Amino acid sequence: MRENGFSARSIMPRDKGAAPLDFVIAVMALLAALALGASMVAARAAEGWSSGLSDRLTVQVLPPETGDVQAGLDAEVRAALAVLNATPGLAQVRVLSEREIAQLVEPWIGNAGVVPGIPLPRMIDVLVSPGESVDVPGLQERLKLAAPHAAVDDHSRWLARLAGLADTVRYAAYGILLLIAGATAAVVMLATRAGLDAHHEMVALLHQMGARAGFIARNIEWHYFLSALLAALAGAVAAALLFVGLGSLEIFGVEAVPFLPPLALRLSELIWLAAVPVAIAAIAWVTARLSVLSVVRDFY
Amino acid sequence: MVRFENVGMRYAAGPEVLRDVSFVLAQGSFTFLTGLSGAGKTTLLKLISLAEPPSRGLITLFGEELATARRRDLPALRRRIGVVFQDFRLLSHLSVYDNVALPLRLAGKREQDYARDVRELLSWVGLGERMNARPATLSGGEQQRVAIARAVVARPDLLIADEPTGNVDPEMGARLIRLFAELNRLGTTVLIATHDRMLVEATRGREMRLVEGRVVEMHKARSA
């Protein structure tokens, strides 16, 4: 005889205490979605920090110690520019103006202006063409020959530290995401099992009336899948709205957290948040199925 | 229909509650199971309704020897049995109508095919006006009648009832017994566990008496 799969809602009662459990699942979904979003922001920030500096070089030309300092500086800058312009793979070579240099040193010497008579080094900002790499030691040698007081800084020292920091942030975010995912899975499993305990008698009755284990499991797992999906969806939507809200702040010129990368998620990243309710519903579904089958297996 | 051969039953490491029980319930028979409390009546009903396996001995049900039956075949055997539980076991979130229709739904029947039968049966047991009520709003006797209606609605080959008239007035008790007798006339084998001597004396059928886990008597309860 065929068993008819009538609606899960008709066979499964609304759990006593289901609302608090739904709330807990929604909160766990919110936290998981926030952790997932934060890990994406951290990964993007780490990539941005690296790429933002790795395609740049700075050439610093120090004033000569003897002779006409200004004339010597101008001559060495021209010589350095000639070398740089002849170097393949560079997209842009630009000498920073005195005003820009003054702004750079302002944190150390204040905004009262540079002391007359004390020349500042000249800075040349070099942008490497996308996908190109520059032989920094070779460039350094050629510059030394043309301009003895020129030095190339490829930011490798900062980049290494920044890359380390970025990796730390990224892996910390992944770690938190894993912890929250684990806690979410545990809470969903506990909630599902608690619900099933309350329905043990009903499962026993259906079994006694000749319902197959698969039929009972299908009805109950569907109930828990749907409940968990709806609750988790609410949590994930709340997280998505939070990220969209942070994006709106940035549009209005309000930085959510200074010095940090934009916290708003792109649309392609927001879509990933949908994985959270799907994963939570899947955990509830699998837990319910395994629990029901385990309960029915204990019956004769 | 039902054959027990030297069946024994104990729960875990406890004492045997059924000992060397042997009997045959012929197809279409009507039998009362009697005995004092603790004699093993409920355990015997559990074994026949496939709620528990025996600790020893052979049980044959519908021609199938249970010891060699495949586990996946047991649900189909259970669906041929209607059980009236002493504690009713109604699903509290379902209406009276849905509780009674449950065996038919489990059997894959469509509502348009059984709705009329369910309503007629509920009218017969005096609950025609309470079809949409939840079990919690019913009296003990009304709940018992719902449990009986649920057990008989699919016209099972074997009907087992544990004290089915314990909570109803004599008039309704007689009415329910007439329902069982009618089912029996249509071919259902009926086994009723009861303490009610008057019921046993007033009804055609056989009596199987249990004393301390053994069948001590098997005789006609009343001559036809």
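Within segment A:195-216, does at least one residue satisfy the condition of being out of contact with any Pro (no Cβ under 8 Å at 6 or more places or on another chain), within 30 Å of B:Ile81 (Cβ to Cβ), at pLDDT 80 or above and of a type in the set (Phe, Trp, Tyr)?
Looking for residues that are out of contact with any Pro (no Cβ under 8 Å at 6 or more places or on another chain), within 30 Å of B:Ile81 (Cβ to Cβ), at pLDDT 80 or above and of a type in the set (Phe, Trp, Tyr), one finds at least one in segment A:195-216, hence yes.
Restricting to segment A:207-233, and then to whatever is of a type in the set (A, V, I, L, M, F, W, C), in contact (Cβ under 8 Å) with a residue 12 or more places away in the chain and within 14 Å of another protein chain (Cβ to nearest Cβ), can you tell me which residue is nearest to B:Arg78 (Cα to Cα)?
Per the criteria, the residue is A:Ala211.
Look at B:Asp157 and say whether it is out of contact with any Leu (no Cβ under 9 Å at 6 or more places or on another chain) and on the phi < 0 side of the Ramachandran plot.
Details: out of contact with any Leu (no Cβ under 9 Å at 6 or more places or on another chain): yes; on the phi < 0 side of the Ramachandran plot: yes.
Here the answer is yes, as B:Asp157 does meet what is asked.
So which residues in segment B:113-130 are within 21 Å of the chain's Cα centre (by Cα) and touching a residue at least 24 places away in the same chain (Cβ under 8 Å), if there are any at all?
Result: B:Asp117, B:Val118, B:Leu121, B:Leu122, B:Trp124, B:Val125, B:Gly126, B:Leu127.
If A:Gly164 passes every condition in (1) at pLDDT 80 or above; (2) within 14 Å of chain B (Cβ to nearest Cβ) but one, which one does it miss?
The failed condition is (2).
Can you tell me which residue within segment B:167-221, out of those that are in a helix (DSSP H, G or I) and of a type in the set (Gly, Ala, Ser), is modelled with the highest pLDDT?
B:Ala181
Conditions (1) free of Cβ contacts under 8 Å to residues at least 24 places away in the same chain; (2) over 22 Å from B:Met9 (Cα atoms), marked per residue:
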{"position": "B:Lys46", "(1), (2)": "yes, no"}
{"position": "B:Glu52", "(1), (2)": "no, no"}
{"position": "B:Leu58", "(1), (2)": "no, no"}
{"position": "B:Arg80", "(1), (2)": "no, yes"}
{"position": "B:Val83", "(1), (2)": "no, no"}
{"position": "B:Arg89", "(1), (2)": "no, yes"}
{"position": "B:His93", "(1), (2)": "no, yes"}
{"position": "B:Tyr97", "(1), (2)": "no, yes"}
{"position": "B:Val100", "(1), (2)": "no, yes"}
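Quickly run through segment A:267-279 and pick out the residues that are surrounded by 14 or more Cβ atoms within 10 Å (Cβ to Cβ) and at pLDDT below 90.
Residues satisfying the conditions are A:Glu269, A:Leu270.
Matching residues to (1) over 16 Å from the mean Cα position of the chain (by Cα); (2) farther than 30 Å from B:Ala149 by Cα; (3) away from every other protein chain (no Cβ under 14 Å); (4) β-branched (Val, Ile, Thr):
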| site | (1), (2), (3), (4) |
| --- | --- |
| B:Asp20 | yes, yes, yes, no |
| B:Ser49 | no, no, no, no |
| B:Glu52 | no, no, no, no |
| B:Ser55 | yes, yes, no, no |
| B:Ile81 | no, no, no, yes |
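Within segment B:110-166, count every residue that is among the hydrophobic types (A, V, I, L, M, F, W, C), closer than 26 Å to B:Gln27 by Cα and part of a helix (DSSP H, G or I).
Looking only at that region, the number is 9.
Here's the yes/no breakdown for (1) over 17 Å from B:Arg214 (Cβ atoms); (2) in a loop (DSSP other than H, G, I, E, B):
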{"position": "B:Asn6", "(1), (2)": "no, no"}
{"position": "B:Leu33", "(1), (2)": "no, no"}
{"position": "B:Leu36", "(1), (2)": "no, yes"}
{"position": "B:Ala67", "(1), (2)": "yes, yes"}
{"position": "B:Arg72", "(1), (2)": "yes, no"}
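From the residues in segment A:167-204 that are surrounded by fewer than 18 Cβ atoms within 10 Å (Cβ to Cβ) and within 14 Å of another protein chain (Cβ to nearest Cβ), which one is farthest from B:Ala76 (Cα to Cα)?
Selected residue: A:Ala198.
Let's see how each residue does on (1) at pLDDT 90 or above; (2) surrounded by fewer than 21 Cβ atoms within 10 Å (Cβ to Cβ); (3) in contact with an Asp or Glu (Cβ under 7 Å, 6 or more places away or on another chain); (4) within 14 Å of another protein chain (Cβ to nearest Cβ):
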position: B:Ala76; (1), (2), (3), (4): yes, yes, no, yes
position: B:Val84; (1), (2), (3), (4): yes, no, yes, yes
position: B:His93; (1), (2), (3), (4): no, yes, no, yes
position: B:Tyr97; (1), (2), (3), (4): yes, yes, no, yes
position: B:Pro103; (1), (2), (3), (4): yes, no, no, yes
position: B:Asp117; (1), (2), (3), (4): yes, yes, no, no
position: B:Ala136; (1), (2), (3), (4): yes, yes, no, yes
position: B:Ser139; (1), (2), (3), (4): yes, yes, no, no
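The values are calculated or read from the model by the stated rules, or taken from the named source; none is laboratory data. It should be emphasised that the depicted structure is a prediction, and the values quoted were computed from it without experimental measurement. With ideal geometry, Cβ positions are generated from the backbone for all residues, glycine too; neighbour counts draw on all protein chains shown.
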